[in-house]
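**Student:** What follows is a single structure, and I will ask about it in a moment.
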Amino acid sequence: MEILHATLNDLEEVAGLFDEYRQFYGLESDTSSAKAFIQLRMALKESVIFIAVINGKTIGFAQLYPTFSSIALQRAYILNDIYVTDDARGQGVGTALMENVFQYCQQQSARYVTLQTAADNVHARKLYENLHMKQDQYCNYVKYFN
C-alpha cells in the first residue's frame with residue numbers, strides 16, 4: 001500500500017471516492033458536484049488530500065483543512081474527511097492514512113489535528129482511540145444556515 005499526497009492528476013479518483021463518502025453519510029450521488037468541490041479545494045490549495053493506493057487502485061482518502069491555534073500561535077489541522085472503500089476495510093488502510101496525517105501535521109509544526117465523528121460510529125472511534133487520540137474537554141456548538 002502507498003499513501004500519496006493527491007494532486008490534480010488524481011482528481012478523478014479522489015472525486016469518485018468523495019462521492020462514495022458522501023453517499024455513506026446518506027446523501028445522493030452527485031459526481032459532478034463532488035468533482036467540482038474537490039477540484040476547487042485542490043486548485044486553491046485549501047485542503048491537503050492523501051490517498052491510499054494498492055496495486056494502482058485508489059481505495060481511500062483523508063482530507064485535511066488548515067486552521068490555526070490562536071492560543072498556541074501555531075498552525076493546526078481539521079481532519080474533515082476520511083474514507084476507505086468497503087472492499088478495503090479491515091486491511092489497515094484507515095490506520096495508514098491516519099499515521100500519514102499525523103506525520104504531515106508534525107512536519108508542518110502543527111499544534112494539533114482534530115476531528116469529529118458521530119457517537120455511534122463505533123469503528124471510526126475505535127480507530128482513533130487505537131491511535132491514541134483523545135476526546136477533548138470542549139463542548140462543540142454548531143449553527144446550520146441551510
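**Student:** Could you check the range 109-135 and list, in sequence order, the residues that are assigned to a helix (DSSP H, G or I) and within 15 Å of Q63 (Cβ to Cβ)? Talk me through it step by step, then tell me what you get.
**Tutor:** Pass one, the range 109-135, residues assigned to a helix (DSSP H, G or I): 122-130.
Residue satisfying the conditions is A124 alone.
**Student:** Now for a different question. Filter the range 109-121 for residues that are touching a residue at least 24 places away in the same chain (Cβ under 8 Å) and surrounded by fewer than 14 Cβ atoms within 10 Å (Cβ to Cβ) and give the result. Step through it out loud before you land on a result.
**Tutor:** Taking the range 109-121 as the starting set, the residues that turn out to be touching a residue at least 24 places away in the same chain (Cβ under 8 Å) are 109-116.
Of everything in the range 109-121, those that are touching a residue at least 24 places away in the same chain (Cβ under 8 Å) and surrounded by fewer than 14 Cβ atoms within 10 Å (Cβ to Cβ) turn out to be S109, Q116.
**Student:** Report yes if N140 is within 15 Å of the chain's Cα centre (by Cα) and either within 15 Å of A6 (Cβ to Cβ) or open to solvent by 100 Å² or more (accessible area, probe 1.4 Å) (or both), otherwise no. Show your work before the answer.
**Tutor:** On the way: within 15 Å of the chain's Cα centre (by Cα): no; either within 15 Å of A6 (Cβ to Cβ) or open to solvent by 100 Å² or more (accessible area, probe 1.4 Å) (or both): yes.
Judged against the criteria, N140 is not a match.
**Student:** If you take the residues of the range 89-110 that are at pLDDT 95 or above and under 17 Å from F24 (Cβ atoms), which of them is farthest from the chain's Cα centre (by Cα)? Give the derivation first.
**Tutor:** Of the range 89-110, the ones at pLDDT 95 or above are 92-110.
Then drop every residue that is not under 17 Å from F24 (Cβ atoms), which leaves 93-94, 97.
Details: V93: 12, G94: 10, L97: 8 Å.
Selected residue: V93.
**Student:** Something else: Please list, ordered by residue number, the strands (runs of 3 or more DSSP E) wholly in the range 1-108 having 1 or more residues that are basic (K, R) and open to solvent by 30 Å² or more (accessible area, probe 1.4 Å).
**Tutor:** Numbers: elements: 2-5, 48-54, 57-69, 74-84.
Because the criterion is at least 1 residues that are basic (K, R) and open to solvent by 30 Å² or more (accessible area, probe 1.4 Å), the strands (runs of 3 or more DSSP E) in the range 1-108 that meet it are 57-69, 74-84.
**Student:** Within the range 20-76, work out how many residues are within 16 Å of the chain's Cα centre (by Cα) and closer than 18 Å to F102 by Cβ.
**Tutor:** The total comes to 15.
**Student:** Take the range 1-33 and flag every residue that is of a type in the set (D, E) and touching a residue at least 24 places away in the same chain (Cβ under 8 Å). I'd like the intermediate steps shown before the answer.
**Tutor:** First, the residues of the range 1-33 that are of a type in the set (D, E): 2, 10, 12-13, 19-20, 28, 30.
Once the filter is applied, which keeps residues that are of a type in the set (D, E) and touching a residue at least 24 places away in the same chain (Cβ under 8 Å), the range 1-33 yields E2, D10, E13, E20.
The values are calculated or read from the model by the stated rules, or taken from the named source; none is laboratory data. Since this is a predicted model, take the numbers as computed values, not measurements. Cβ atoms come from the backbone with ideal geometry, glycine included; neighbour counts cover every protein chain shown. Quick note on the areas: whole protein, heavy atoms, side chains included, nothing else; ligands and nucleic acids left out. Shrake-Rupley method; radii C 1.70, N 1.55, O 1.52, S 1.80 Å.
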